Amino acid sequence: MSAEPIRAGSEYDPTSWPAAVQNPGFVGDTGEFAGLTEADVRGTAFIGERPADGGHPSVAGTLPYHTATKDPQAPIFHGPYEDRLEKILSRYPDRQAALLPALHLAHEIRGYLSPETQDEVAEKLQLPPAYVRGVATFYTMYNLAPVGKYLIQVCTNISCNLCGGDAVLEAFLKHTGTELGETSANGLWTVIEVECLGACGFPTAVQINEFYYENVRPESVPDVLARLT
């Protein structure tokens, strides 16, 4: 038996809901879920702040590491971050196996992995510096040089490319006043082009620090940037 259509103006009609609870279209399209807020969609309405010590050991090594708050001079593996590292180490058979999440942790604190940071990780995990350097330079997700407060990664792979990814990339460069890969003079923005972000059903996909923005159009770029500042 088919469901009856929603009557316009009824309590089930999203278009009749107060503007305060309607999805503001932060991903470029309200779709059929107009009653969801941005916090509902992102899940931020249901989670607390990320604990510096990593919380439960099972999640300590999986926290996002592209954050707006970072300090290249901050100590790593001290205080609660030392506690998080110990939790990470408890999940692996040896220290070498914990290298990727340990690099994530250092990356979160300092914003990028300098040669000096890589050496600190190597010393802490009792690994050869050359081995750590080889791993850090293999993965493109690690920044090896300083980036802006907001790292904007625009996907231009096939799905996003067919749906205007190149135009979205140009819009971000235009509105941030940057060239590809460079950091803006105010230190806020770094815009880069990346391969598939795994959101092919919602092109163009853009990752800014740890958050995804989907269905982004060139005309929505100023609104995305305004939300960040």
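Odds and ends about this structure:
- Considering only alpha-carbon pairs that sit under 8 angstrom and 6 or more positions apart, the relative contact order computed for the range 100-165 is 29 percent.
- Cα-centre dipole for the range 49-144 with unit charges at Cβ (Lys and Arg positive, Asp and Glu negative), debye to 20: 260
- Cβ-based exposure ranking for TYR139, TYR92, in which fewest neighbours within 10 Å come first: TYR139, TYR92
- Summarising the amide proton neighbourhood of LEU113: residues at separation of 5 or more, or on other chains, whose placed amide H is nearer than 5 Å comprise ASN143, LEU144, ALA145.
- Taking amide H positions as modeled 1.01 Å from N, with prolines and chain starts lacking one, no residue 5 or more places away or on another chain lies under 5 Å from TYR212.
- Across every pair of non-identical alpha carbons in the range 150-228, the mean reciprocal distance, once inverted, gives a Kirkwood radius of 12.0 Å.
- Potential extension, THR229-TYR131 segment - 0.36 nm per residue separation minus Cα distance: 31.4 nm
- Counting Lys and Arg as +1 and Asp and Glu as -1 over every other residue whose Cβ lies under 13 Å from the Cβ of PRO129, the net charge comes to -2.
- Taking other C-beta atoms within 10 angstrom as a stand-in for reagent exposure, ARG91, ARG84 fall in the order ARG91, ARG84, fewest first.
- Each of ALA167 and TYR112 was given a label point 7 Å from its Cα along the Cα-to-Cβ line. The distance between the two points is 3.3 nm.
- Straightening the chain between THR140 and SER58 buys 27.0 nm, computed as 0.36 nm per residue apart minus the Cα-Cα spacing.
- Peptides 168-176, 183-191 ranked from most to least packed, by the mean per-residue count of other Cβ atoms within 10 Å: 168-176, 183-191.
- Footprinting exposure proxy for ILE158, ILE76, ILE152 (fewest neighbouring C-beta atoms within 10 Å first): ILE158, ILE76, ILE152
- Along principal axes, Cα extents of the range 49-144, largest first, whole Å: 33, 32, 22
- Cα centroid separation - the range 73-102 against the range 116-188, whole Å: 22
- Relative packing of peptides 120-129, 106-115 - highest average C-beta neighbours within 10 Å first: 106-115, 120-129
- Using the Cβ-Cβ distance between THR69 and GLU182 with R0 set to 22 Å, the FRET efficiency works out to roughly 0.55.
- Summed over all non-identical Cα pairs, the Kirkwood treatment of the range 114-190 gives a radius of 14.6 Å.
We did not get these values from a lab; they are worked out from the coordinates using the rules stated. None of these values were measured; they are calculated from a predicted model. Cβ sites come from the backbone with ideal geometry, for glycine too, and all protein chains shown count toward neighbours.
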